[in-house]
Amino acid sequence: MSRENSRFQSGSGVYKCEHCGRRTRETGQGEDGRYCACCSLIFEAQNSFVDGAMDEEGFREMVAHWKKRYRRPFDEDEFQKLVAEVKRMLEW
Ligand SMILES: [Zn+2]
């Protein structure tokens with residue numbers, strides 16, 4: 001890769017994820033310009049949980065799956081917050 005090329009890469013679409021605060025960039029893997037790919041995928045799973053397409057255990061599995069895929073530790077506190085948000089939305 002030429003130097004010209006890498007400079008172009010580093011300047012394009014870099015932003016900070018609003019959920020986890022990691023610096024990220026658009027790679028076309030599910031980022032939406034606010035969140036990194038990992039958080040976007042977790043929020044997608046959260047929406048399925050809200051829709052009733054999966055239960056809490058299914059949601060936990062999806063979060064664990066994406067965290068593993070992006071080499072991030074599973075954060076129980078974060079998971080509980082995501083579940084609490086859903087429960088608030090559904091008024092359980
Ligand atoms: Zn993130």
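The values are calculated or read from the model by the stated rules, or taken from the named source; none is laboratory data. Bear in mind that the values here come from a model prediction, so they are computed numbers and not experimental data. In this analysis, Cβ positions are derived from the backbone assuming ideal geometry, glycine residues included, and neighbour counts consider all displayed protein chains.
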- [ ] Quick one: count up the residues across the stretch 34-92 that are surrounded by fewer than 11 Cβ atoms within 10 Å (Cβ to Cβ) and not in a helix (DSSP H, G or I).
- [x] 6
Task: Qualifying residues in the stretch 25-61 (those that are away from the ligand (no atom under 15 Å from the Cβ) and of a type in the set (A, V, I, L, M, F, W, C)) - the one farthest from Glu78 (Cα to Cα) - done: Ala53
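Looking at the stretch 1-24, which of the residues that are hydroxyl-bearing (Ser, Thr, Tyr) and at pLDDT below 75 is farthest from the ligand (Cβ to nearest atom)?
Once the filter is applied, the top-ranked residue is Ser2.
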TODO: Those residues that are surrounded by 11 or more Cβ atoms within 10 Å (Cβ to Cβ) and small (Gly, Ala, Ser), I need them from the stretch 21-32; list them, please.
DONE: Gly30
